[in-house]
């Protein structure tokens, strides 16, 4: 996934995905809802985007570049 980086408060960098493909269901094209409980113990902060009909569509790791 490609990101745009913008400056945030106190010098913190904010990364924004360039497209919304991560939250569009690949089966039906519907909008997927974020589920922040997708991360498990020991695997860090991840957010799943879940289609109400087809289940998990994508998992986004906002700290992927730091691992």
Top-ranked residue of the stretch 27-47 - restricted to ones that are part of a loop (DSSP other than H, G, I, E, B) and modelled with pLDDT of 90 or more, ranked as surrounded by the fewest Cβ atoms within 10 Å (Cβ to Cβ): 29
Residue satisfying all of: in the stretch 14-26; loosely packed, with under 13 Cβ neighbours inside 10 Å and part of a loop (DSSP other than H, G, I, E, B); modelled with the highest pLDDT among these: 26
Matching residues in the stretch 50-67 - criterion: being within 8 Å of the chain's Cα centre (by Cα) and either in contact (Cβ under 8 Å) with a residue 60 or more places away in the chain or farther than 15 Å from residue 16 by Cβ (or both): 58, 59
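The values are calculated or read from the model by the stated rules, or taken from the named source; none is laboratory data. On a predicted model such as this, the values are computed, not experimentally measured, just so you know. When we count neighbours, we look across all protein chains shown, and the Cβ atoms used for this are built from the backbone with ideal geometry, even at glycine.
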